[in-house]
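A short write-up of the structure that comes next.
Readers should treat all values here as calculations from the given coordinates under stated rules, not as data from a laboratory. Every value quoted in this text rests on a predicted model; they were computed, and no experiment measured them. Cβ atoms come from the backbone with ideal geometry, glycine included; neighbour counts cover every protein chain shown.
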Amino acid sequence: MSRPIVRLGALALVVAACAVACSSDPSKDNKGSQTGAVSQQAAAADDLRPDKVPILEGYTYYVGGPLLKKDAYGRERIAKFLGEVAQPPSRGMVIGAKRDGDRLEYRVWVNGRAVGVYRGLVRDGLFWREYVETYRNDKPIARELSVNDDAAQLMRIKVEDVDPLTGETIRVTETTKKYAAPVLPDLPEEDSRQDSAQGNGKADAAAPAQPNQAAPPAATGGQGAAVPSAPAGK
């Protein structure tokens, strides 16, 4: 009789386990899985949402881009920025500029992320850059230092490539660029006088008759000869 009792006890345990498994509420499990999916979607949406452009003290913000003009050396430089806004948007390109005497610094954001900072000198109303730092995913990837040598009329440029993970410089390149004023051709003095006379529209005296050409008839009585009028209708 002991064996049937053991079998019945084991069977009762199996039935109880099945009853507990069947009594669990499937709706709660579905709700939990749905809640997790929604939270993951919200996190992904937050990742795609553009960051807000920071409001920096002393900066003025623009959305129209820079206006370029040529300097005395024929090189295009920034004269000013266009499209001033009171509140920088999060989407599109935004430029924030700060002027301090003859020094200018401006930063560029694209969809809320910083892509570069520029510093330099304002000469004759135009921006001469001296330092540039570019970013990728808010990490610096390159630095550029420029020294303007007016005596040699050379721009000496040093570029440092940066490892975005460690911030260490991995490569250095140095180059030079001329910014000498364009040379205009010098005209001879006689040619310049002739060009000036023609430009002012001044007529010179009539040229003397050539030897093989007949001289104009002399006027009689101190008056020029009368030119008869053509008959009417002809």
Exercise for review: Could you list the residues of region 59-75 with an amide nitrogen less than 12 Å from a label point located 7 Å from the Cα of ALA180 in the Cα-to-C-beta direction?
Suggested key: none
**Study point:** Cβ-based net charge around ARG75, under 13 Å, with every Lys or Arg adding one and every Asp or Glu removing one
**Key:** +4
**Study point:** Residues THR166, THR60, sorted so that the one with the fewest Cβ neighbours within 10 Å comes first
**Key:** THR166, THR60
Point to revise | Volume per residue of the C-alpha convex hull in region 60-178, rounded to whole Å³ | key: 108 Å³
Exercise for review: Determine the alpha carbon to alpha carbon distance for each of LYS80/LYS158; LYS80/LYS139; LYS70/LYS177; LYS52/LYS158; LYS98/LYS178 and list only those over 24 Å.
Suggested key: LYS80/LYS158; LYS80/LYS139; LYS52/LYS158; LYS98/LYS178
